[in-house]
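Bear in mind that the values in this text are calculations on the coordinates, not laboratory data. Nothing here was measured: the structure is a model prediction, and the numbers come from that model. Backbone-built Cβ (ideal geometry, glycine too); neighbour counts: all protein chains shown.
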Amino acid sequence: MKNDLEKRKLVSDLKRAKVKIWAAMARELSRATKKMPSVNVSKIQQHTRDGETALIPGKVLSVGKMDRKLTVAAFKFSDAALTKINANGKALTIQELLKTNPKGNKVRILKWF
C-alpha cells in the first residue's frame, strides 16, 4: 500500500531528526492508521494563534472556517480543507515542515479534538 510505505519513510525521517517534537510525531504516526486523528479546521483555529504552526498527525477535515494566518502541516488533507487553509495561511505535508523547520520552533501538535 502506497500510503503505508510513505508513512514508514516519514516515521524514519522524523526519528533521524533527533528533536523532541519530531520524535513525538514519529510515535503518533507509528500507531495504527485507524487510530489516526481527524481534526476539523474549526478546532485548529480555536487552539492556535496567528503565526503559529499546527501539526496534525492525521487528517484535516473542512468543518468550520479559517480566519487566521496559520501554517498547518498534516499527514493528509481533505480537498475542501486545503482550500480553506490556503485562503489565509499555508498547508504543508509533515515532510515539508520537517525540511523547512528542522528544529520544530513554534509548532503545536493538535491531535485529539
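General observations
- Charge tally for residue 51 (other residues, Cβ to Cβ under 14 Å; Lys, Arg +1; Asp, Glu -1): +3.
- Leading residue at positive end of dipole, the chain (Cβ point charges), from 105, 23, 61: 23
- Computed E for residue 4/residue 80 - FRET, C-beta separation, R0 25 angstrom, nearest 0.05: 0.50
- All Cα pairs of the chain, percent lying beyond 21 Å: 30 percent
- Between the Cα long axis of helix 2-17 and the first principal axis of the chain there is an angle of about 80°, rounded to the nearest 10.
- Residue with peak Gaussian network fluctuation, the chain [Cα springs, cutoff 10 Å], from 73, 91, 17: 17
- Label-zone membership for the range 26-49, site residue 67, 7 angstrom Cα→C-beta point, backbone N under 16 Å: 41-49
- Straightening the chain between residue 24 and residue 42 buys 4.1 nm, computed as 0.36 nm per residue apart minus the Cα-Cα spacing.
- Taking 26 Å as the limit for the C-alpha separation, the pairs 43/69; 65/103; 7/90; 59/103 exceed it in the case of 65/103.
- Averaging Cα coordinates gives a centre for the range 87-109 and one for the range 1-59; these two points are 10 Å apart.
- Cα-centred dipole magnitude for the range 2-109, charges only on beta-carbon of K, R (+1) and D, E (-1), debye, nearest 20: 380 debye
- Helix 79-88 and the longest principal axis of the Cα set of the chain meet at an angle near 70°.
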